[in-house]
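We did not get these values from a lab; they are worked out from the coordinates using the rules stated. Just so you know, these numbers come straight off a predicted model, no measurement behind them. Backbone-built Cβ (ideal geometry, glycine too); neighbour counts: all protein chains shown.
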């Protein structure tokens, strides 16, 4: 029972600390009756989709609401490693500057 309680506390802390970058774009009344427009692309009302810029967006009659699918690495060896955004996985790869085929250990990320 104690381990289950510890698990719930840890899960609560993780959920609290994970803060995805989110934004909303309000729809102008009467401007578009087919859906939401974001970056020149039309998304039908009720649709939830992943955009080319790695955001999960949902379109309603009032707004387009989007949240990032990635977390930015902040705790890593900045002297020996570099960060590269991978659009395929919608995540940042942290690799060695001297040999980009080798990954670096990341201590923490922010959303």
Q | Peptides ranked, highest mean first, by Cβ atoms within 10 Å: ranges 50-58, 33-41 | A | 50-58, 33-41
Q.
Testing the spin-label approximation: label points 7 Å from Cα along Cα→Cβ at residue 48 and residue 31. State their distance in nm.
A. 2.5 nm
